[in-house]
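Rule-based calculations on the coordinates, nothing more; no lab input. Given the structure is predicted, the values throughout are model-derived calculations rather than measurements. Cβ coordinates were reconstructed from backbone atoms using ideal geometry, including for glycine residues, and neighbour counts include every protein chain displayed.
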Amino acid sequence: MLARVLSCAVVGLDGVLVEVEVDVGQGVPGLTIVGLPDTAVQESRERVRAAIRNSGAKFPLGRITVNLAPADIRKEGPAYDLPIALGILLASGQVVADLDGALVIGELSLDGSLRHTAGVLPMVGLAQERGLRRAFVPAADAAEAALVEGIEIVPVETLAALVRHLTGEEPIPPFHRAGGLPEPEDEAGGVDFAEIRGQEHVKRGLELAAAGGHNLLAVGPPGAGKTLLARALPTILPPLSREESLEVTRIYSVAGLLPSDRPLVRQRPFRAPHHTISYAGMIGGGAWPRPGEVTLAHRGVLFLDELPEFSARVLEVLRQPLEDRIVTISRASGAITFPANFILVSAMNPCPCGYYGDPARSCTCSPSAITRYQKRISGPLLDRIDIHLQVPRVEYEKLADRRPGEPSTAVRARVEAARAVQARRFGDTRKLNSDMGPAEVRAHCRLDEAGERLLRAAMQQLNLSARSYHRVLKLARTIADLAGSERIAVAHLAEALQYRPQEMG
């Protein structure tokens, strides 16, 4: 007897419908799974066998063949346990049910209970797009699945409970989210700007980075506050919009990093990988491509502390996402594209000892050692960073000053106002000045005659590249937006130019 159950695979961040065909026939008892399954899918044979028996059903003694179609798409993970088990029960006649228009996903325990399954959100999202009416998911993932509107979510605790539901003995009530979708959180964790003494120009640079989505590099001696300032950036970023929140949640669902008690990501990501990270960990990849740190930082911040300590290969793979806002990972079987629209915030010392150019402590490094250290960051990478800041040591008078500084809430209000201007300009709440293309730069970053003269002189004296030219104009546009100006004035352009790379120290 033949049975068919619809399930789903995840390729990159997108779902692909998979038809689980189960045939129970005569022959030597055994369970064979075909359709390009990986090791986790092959191991489901033992989980399914034990789960069926421990759920009070009988495992058929005939020859069982399971086909996962289409066969040219690799199947990975344990999400096929429940559809395979249900297909076996249908094919053996132990359950009679109509599963047309239903999606079934879930990992089985040996006792028949269902475990959390990664990637539920894109799977259910695809089911809704394809017109399926309901989805059977593990109860632990029901809240996540319910983020997709227009499809009935049935939370399943155990295989036995699903059988009783399908036979009508004990129907499972659909999952309903109380109060609709949760709103993104307004408050982000981190150090308030009011608690950071001094470094006002660095705070200004962080405000510009938050307002326009610009990349930033802070250079200074140890203990000057580079890391503290970077970790305070989330406190001035606006909350995620509903669309951005679902976009980030989809990424974390596929990566298996979504907390079970918080099915919706409600704060902007802040990723701070250690400098020992591999290039695949940074950019994503593997035999089964998975999102890397640049994708996990999507719509948030990627903080790279001690930038020169990262391997050259890891730093150079950042070029494409910094330019294109996406990452394309190519394999023999095809290419997968992940989103990677993040704000890069990096910090480094000016030399190995950290005190090159410091007025209070002498540098112990040789000129050749300083040059080698600084050259670990390539010119093309530096050219993609809009804001370069020198972070000097903080004097005692500023550290001991008890007067409160400007709080993060006040800075964030200005950032939100500037982003509102950009949303009206581009007609998209998710597009910022840093995302402008050449045509948009020409349309929205026009200079007056005095500005043209200043930029022409800067191009000659600073040897700016064509990329730097556009990045200066984008940053000047953000400065003007923060100032509430429709046009880019000479003062706005001059401030943008001062953030270009200078000689360290």
Scan around Leu2 for amide H atoms under 5 Å from its own, H built in the peptide plane at 1.01 Å from N, and keep only partners 5 or more places away or cross-chain. none
Please report, for the Cα atoms of region 7-76, the Rg to one decimal and the Dmax as a whole number; what are they, in angstrom? 13.2, 40
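Where does each of Ser485, Ser253 land when they are ranked from fewest to most other beta-carbon atoms within 10 angstrom? Working shown, then result.
On the way: Ser485 14, Ser253 27.
Least to most surrounded, the residues fall as Ser485, Ser253.
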So how far, in whole Å, is the C-alpha centre of region 236-262 from the one of region 135-167? 21
Note, ³J(HN,Hα) from phi for region 34-42, Karplus 6.51, -1.76, 1.60, rounded to Hz, x at Gly and Pro: 10, x, 6, x, 8, 5, 4, 6, 4
Sequence-distant residues sharing a close amide H with Arg134 (under 5 Å, placed H): Leu103, Glu152
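Quick one: Met123, Met459, Met348, fewest Cβ neighbours within 10 Å first, how do they rank?
The order, fewest Cβ neighbours first, is Met459, Met348, Met123.
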Tell me which residues come under 5 Å, amide H to amide H, from Val301 once H is placed; ignore anything under 5 positions away on its chain. Phe270, Arg271, Ile343
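Suppose we keep just the DSSP beta bridges with both residues in the chain; what percent of those would be antiparallel, to 5?
Details: 28 of 58 bridges.
Of those bridges, close to 50 percent are antiparallel.
Using the 10 angstrom Cβ neighbour count as an exposure proxy, how do Glu395, Glu149, Glu107 rank, fewest first?
On the way: Glu395 12, Glu149 9, Glu107 21.
The most exposed by this proxy come first: Glu149, Glu395, Glu107.
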Normalised by the residues of the chain, what does the relative contact order come to in percent, with Cα pairs under 8 Å and at least six apart? 13
Using alpha carbon positions and the Kirkwood radius, the Rg to Rh ratio of the chain is 1.08
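Sum up the lysine pairs in the chain that clear both bars: alpha-carbon distance under 21 Å and a spacing of 8 or more or different chains.
Within the chain, the lysine pair count is 6.
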Spacing of the two label points (7 Å from each Cα toward its C-beta) at Gln94 and Arg442, in nm: 6.9
For region 141-149, Karplus couplings with θ = phi - 60° (6.51, -1.76, 1.60), whole Hz, Gly/Pro x: 9, 5, 5, 5, 4, 6, 5, 8, 8
In whole Å, what are the Cα extents of region 361-493 along the three principal axes, biggest one first? 52, 43, 30
Rounded, prolate or oblate: which one fits region 2-167, using the alpha carbon gyration tensor with axes a ≥ b ≥ c (rounded when a/c is under 1.5, else prolate when a/b beats b/c, else oblate)? prolate
